[in-house]
Structure formats: structure tokens, C-alpha cells
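The values are calculated or read from the model by the stated rules, or taken from the named source; none is laboratory data. Computed from a predicted model, the values in this text were never measured in an experiment. Counting neighbours? That spans all protein chains shown, and the Cβs are built from the backbone with ideal geometry, glycine included. Remember, those area values only see protein heavy atoms, side chains included, never the ligands or the DNA or RNA. Shrake-Rupley method; radii C 1.70, N 1.55, O 1.52, S 1.80 Å.
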Amino acid sequence: MNYRVTHRTLYEYAAPVTVSQHVTRLEPRVTPTQSCDKFSLTVFPEPVLRKTRPDYFGNRLCFFSIQEIHHRLEITTHSRVAVTAGKLPPPETTPAWEGVVSLFRDPVSPAVVEPYQFVFDSPQVRASFELADYALASFARETPLLLGAADLTRRIFTDFKFDPRATTVATPLEEVWQKRRGVCQDFAHLGIACLRSLGLPACYVSGYLRTRPPAGQPRRIGADASHAWFRIFCPGAGWVDFDPTNNVQPAEEHIIVAYGRDFDDVSPVAGILTGGGKHSVKVSVDVEEV
């Protein structure tokens with residue numbers, strides 16, 4: 001599938017901003033199943049300094065500095081992306097989950113050092129006995145790894161309610177667990193925490209999801225959204241993605257932008273500024289099939 005993606009972020013400030021420094025992670029990644037043929041990022045007001053580089057996880061960063069007084073900041077990206085569905089092994093043929101856990105006990109083989117870093121706690125995701133107990137309902141003795149991950153995805157989808165008013169980007173996972181509601185970021189964090197609580201490596205993925213309007217209704221410009229899901233490392237297959245918000249395995253309608261341990265590693269826009277006071281943020285994403 002080929003897509004044109006437009007992502008607009010608008011900050012409006014109650015008081016003048018005299019100087020601001022920002023970093024973005026908005027450029028779609030290049031993977032074995034995804035290519036990014038074109039990408040552009042524009043900023044208003046025009047930055048006086050700007051540079052790009054990859055971060056530790058290989059995500060593309062853009063740093064920029066605005067050194068003039070402004071009351072609004074607008075960041076717009078345009079991307080052209082091609083996505084194909086990857087070939088995965090039948091879930092029932094994947095290794096038993098206990099054997100995978102054993103790979104990440106000391107001493108760890110150099111062959112699995114990269115996924116090993118995703119076994120540990122991170123700023124927004126902490127393992128717990130309670131979450132391990134919840135995950136074990138999907139990972140009975142000798143359950144094939146991807147069968148267990150698919151069942152955990154299904155249970156999060158069933159047991160937790162999507163509610164965009166229930167949480168913010170700062171809501172701790174413990175509160176999501178208690179309320180049993182949240183958004184895609186929360187459900188991705190929950191899935192990762194459950195898997196890490198069993199000793200399995202799990203990674204946070206941010207990107208876009210191609211949505212479709214109800215039958216007979218036109219597609220609304222800007223109605224698509226930034227999205228988040230998780231991936232688990234499977235020996236012999238590599239990283240395999242699961243979307244607990246929609247109870248699906250991402251394929252041709254999920255566009256990958258960034259990987260990390262949790263949302264802190266992949267925040268689309270971050271920055272510091274002088275002045276500004278209170279501010280509002282508006283985000284619009286349009287994913288158009290070409």
C-alpha cells in the first residue's frame with residue numbers, strides 16, 4: 001500500500017515566546033516492510049538553526065531553534081510511504097515462551113543483546129507481580145510465544161475501554177490499570193509492561209493508522225490519527241507487532257515512525273521555551289491512500 005501522510009502540529013501561546021528549542025521524531029522509518037520515498041518538514045516561524053541525525057534507536061531526529069518572538073508554532077510534515085505486509089511464521093510453530101525468557105537470563109548471548117535492552121523497566125513502564133499474573137492467563141505452560149502475545153492483545157482489547165478523556169500523556173500506567181480505560185499509548189504501555197513482567201523483551205512503536213470512514217460517508221481530512229502499539233521479540237522471526245487498541249497484528253495499514261522503550265523515547269515533538277504562559281496544542285493527521 002502507498003500513502004501520502006500529512007501531519008500538522010499547532011501550538012498557540014497565551015504570552016509571547018522569546019526563544020524556543022525543539023526536537024521532532026516525525027519521519028517514517030525505513031524497514032524491511034516499509035519505505036519512505038519523500039519526506040519534508042516545515043516550521044513556522046522559520047528556525048535560525050536546524051539539524052537532523054538519528055537517535056540511539058535509529059529514529060530520525062530534527063532539532064531546531066526559533067529565536068524570534070512568536071505567539072504560535074506550526075510544524076508540518078509531508079511523507080510518501082509504501083508499506084507491505086511482512087511474512088510471519090504460524091503462531092503455533094513459534095517457541096514456547098519460557099524458552100524465550102531463558103535466552104535473556106545471564107549470561108546473554110551476543111545474538112540477542114539488541115532485544116535484551118527491552119526486557120528492563122523504563123521511565124513509563126514498570127514490571128510488577130500483578131501484571132505478571134494478568135499476563136499468565138495468556139501464557140500457560142509451554143504456550144507458543146506468538147499465540148500468547150495474540151491472546152494478551154485480545155484480552156487488553158476486551159478488558160480495557162478506549163476513552164480519550166480518561167488519560168493524558170502524563171497518566172501513570174498504574175492509574176490506567178485501575179481505571180481499565182485509556183488510549184492507544186496506554187494500551188501499548190500495558191502490553192509492554194505485562195510482557196516485561198514475564199521477562200520477555202517488548203518495544204513501543206509510534207506511527208500512524210490508516211482509518212476508513214463509515215460506508216457511504218466521505219473521508220474526513222485530518223481524521224486519521226497518530227497511533228501506538230507494541231512489538232515482541234520472537235527468535236527466528238525477529239520483532240513482531242501487535243495492536244491492542246484494535247486487536248489486530250499491524251500490516252499494510254500501520255505506518256511506523258519510531259521505536260523505543262516507551263513513549264518517552266518516541267515523543268513526536270518535544271522542546272523547551274522561554275515565555276509562552278499557557279498554551280494549546282492541535283494535531284491533525286491525514287493518511288491518504290495513493
Matching residues, region 101-123, being part of a loop (DSSP other than H, G, I, E, B), open to solvent by 60 Å² or more (accessible area, probe 1.4 Å) and without any contact (Cβ under 8 Å) to a residue 24 or more places away in the chain
Asp106, Pro107
Kindly check whether there is at least one residue in region 199-206 that is in contact with a Leu (Cβ under 8 Å, 6 or more places away or on another chain) and surrounded by fewer than 20 Cβ atoms within 10 Å (Cβ to Cβ).
no
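Go through the residues of region 158-171 one by one and say whether even a single one is under 13 Å from Cys194 (Cβ atoms) and open to solvent by 20 Å² or more (accessible area, probe 1.4 Å).
yes
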Can you name the number of the only condition in (1) part of a strand (DSSP E or B); (2) of a type outside the set (Val, Ile, Thr); (3) surrounded by 15 or more Cβ atoms within 10 Å (Cβ to Cβ); (4) out of contact with any Cys (no Cβ under 7 Å at 6 or more places or on another chain) that Pro47 fails?
(1)
I'm trying to understand the selection: among the residues of region 172-198, which are of a type in the set (Gly, Ala, Ser) and either in contact with a Cys (Cβ under 7 Å, 6 or more places away or on another chain) or open to solvent by 20 Å² or more (accessible area, probe 1.4 Å) (or both)?
Ser197
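Limited to region 69-89, what total is found for residues that are open to solvent by 50 Å² or more (accessible area, probe 1.4 Å) and at pLDDT below 95?
Adding up the residues that qualify gives 3.
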Under the condition of being farther than 18 Å from Arg231 by Cα and part of a loop (DSSP other than H, G, I, E, B), which residue from region 124-142 is most open to solvent (accessible area, probe 1.4 Å)?
Arg141
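Looking at Val285, Val240, can you tell me which residue is within 17 Å of Ser79 (Cβ to Cβ), β-branched (Val, Ile, Thr) and open to solvent by less than 50 Å² (accessible area, probe 1.4 Å)? Step through it out loud before you land on a result.
Values: Val240 fails: within 17 Å of Ser79 (Cβ to Cβ).
Only one candidate passes the filter, namely Val285.
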In this structure, is Trp229 part of a strand (DSSP E or B) and open to solvent by 20 Å² or more (accessible area, probe 1.4 Å)?
no
